[in-house]
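Here is the structure we will look at.
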Amino acid sequence: LVFHKTYPGILFPIPYEKHCRIQLFNENARKWGTYWQVTYTTYPAGTRVKSLSWPLSEAEKTELKSVCDYWLKAEVGPPDPIKESWRRERLQVSPQKPASVKLDGAGVIRELRFETPQVEPATLDKIRLKIRWDGAAEPSVDAPLGSFFAATAAGGAPQARFHSMLVGVTQREMLCRFPMPFSQGAEVRLESAAEVPPLEITAWLDVQPRPDIPADWGRFHATFKQHKAAAEDSPRFGPQKIPAHLVLDRTARGKYVGVMLEVHWPHNTWWGEGDWLIWTDEDAWPPSYHGTGSE
């Protein structure tokens, strides 16, 4: 259950019904210290939880191995190759002429990839990715192209390279595997800023056509926000009114699936991390979702 990269840790979920205590021991030192990070979720009163029991059953071991194998493959290996059934569109993008891919009917975009020319990372963020579902007037996805795929490294460094289960960046392409359903067509659109030269960008879409989309299937949304941390106009939280960077504030029905966090920080010895807090259908302090390290 333990991993060790830059420091050791456990990402295995540990459910508990009544109480959980985490302790650190070092029997060989009278005075010692360590960096620690704990992320926990508190469920509403009355929620039934089965506490973790050890050792795992054979069925649980099989399930655990399957999950670990899938995550490790996504992290350390290249993405699966593009299949012949995928839709390819060569998009000529310029400030005077946006380009788009339009889909009809109902279906699910199971994977979206873009091949771009070798350009500076900052250039990718001067191209806007906008996606509309079901003929909507406003885009459900509206973000800089590079930031959407986490392809722009902080400080204008070379373009990031990484693999994960849901997003990734390779030498040739940027990819996203979040499922994106639509019932009455979709439009994937690229809009370029005035100072960007004309570019040819190839879009690859793995689209699964469907006769219809279930009524309880949501739509994929993504937005972009940039703000100075701990500024005078920053929202403040908690008894001490600590300034915070507000990532998202929505009143609706949905599911929060993640965030790409890019930090520009002037100091080398400490990169400006802090607690992350998520309120869902609540306003108490602290919120139910709380982590002690934003990395």
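The values are calculated or read from the model by the stated rules, or taken from the named source; none is laboratory data. Quantities reported herein were computed from a predicted structural model and do not represent experimental measurements. Here the Cβ positions follow ideal geometry from the backbone for every residue, glycine too, while neighbour counts run over all protein chains shown. The accessibility values were calculated without ligands, DNA or RNA, using every heavy atom of the protein model including side chains. Shrake-Rupley method; radii C 1.70, N 1.55, O 1.52, S 1.80 Å.
Some values worked out for this structure:
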| item | result |
| --- | --- |
| Where region 173-295 is the region considered: accessible area per residue in Å², 1.4 Å probe | 70 |
| Percent carbon-and-sulfur accessible area, the chain, ignoring ligands, DNA and RNA, probe 1.4 Å | 53 |
| Square roots of 5 times each gyration tensor eigenvalue, C-alpha, region 154-230, largest first, Å | 28, 18, 16 |
| Value of D in µm² per second that Stokes-Einstein yields for region 246-295, Kirkwood Rh from Cα pairs, at 20 °C (1.002 mPa s) | 164 |
| Euclidean distance between Cα centres, region 8-49 to region 132-209, Å | 37 |
| Per-residue ³J(HN,Hα) for region 164-171, Karplus 6.51 cos²θ - 1.76 cosθ + 1.60, θ = phi - 60°, Hz, x for Gly and Pro | 7, 5, 10, 9, x, 9, 10, 4 |
| Gyration tensor (Cα) of region 196-241, equivalent ellipsoid semi-axes in angstrom | 39, 25, 6 |
| Given charges at Cβ of Lys, Arg, Asp, Glu: the chain dipole, positive-most of Gly105, Ala215, Trp276 | Trp276 |
| Accessible area per residue in Å² at 1.4 Å probe, computed on region 6-112 | 86 |
| Diffusion coefficient, µm² s⁻¹, Stokes-Einstein with Kirkwood Rh over alpha-carbon pairs of region 183-267 at 10 °C and 1.306 mPa s | 88 |
| Beta bridges per DSSP with both ends in the chain, % antiparallel, nearest 5 | 95 |
| Kirkwood hydrodynamic radius (C-alpha pairs) into Stokes-Einstein, region 76-205, 20 °C and 1.002 mPa s, D in µm²/s | 142 |
| Rounded to 10°, Cα long-axis angle of helix 58-76 versus longest principal axis of the chain | 50 |
| Relative contact order (%) - the chain, alpha-carbon pairs under 8 angstrom, separation at least six | 21 |
| Rg/Rg_ref, the chain, where Rg_ref = 2.2 N^0.38 Å and atoms are Cα | 1.16 |
| Surface accessible to a 1.4 Å probe, Lys83 within the full protein complex, Å² | 140 |
| Cα-Cα over 28 Å, subset of Lys225/Lys255; Lys65/Lys102; Lys73/Lys255 | Lys65/Lys102 |
| Unit charges at the beta carbon, dipole of the chain: most positive-side option, Met174, Pro78, Gln37 | Gln37 |
| Hydrodynamic radius (Kirkwood) for region 136-295, which is based on Cα pairs only, to one decimal in Å | 18.9 |
| Region 25-108: Cα Rg divided by the 2.2 N^0.38 Å rule of thumb | 2.09 |
| Environment charge at Thr123 (Cβ cut-off 14 Å; Lys +1, Arg +1, Asp -1, Glu -1) | -3 |
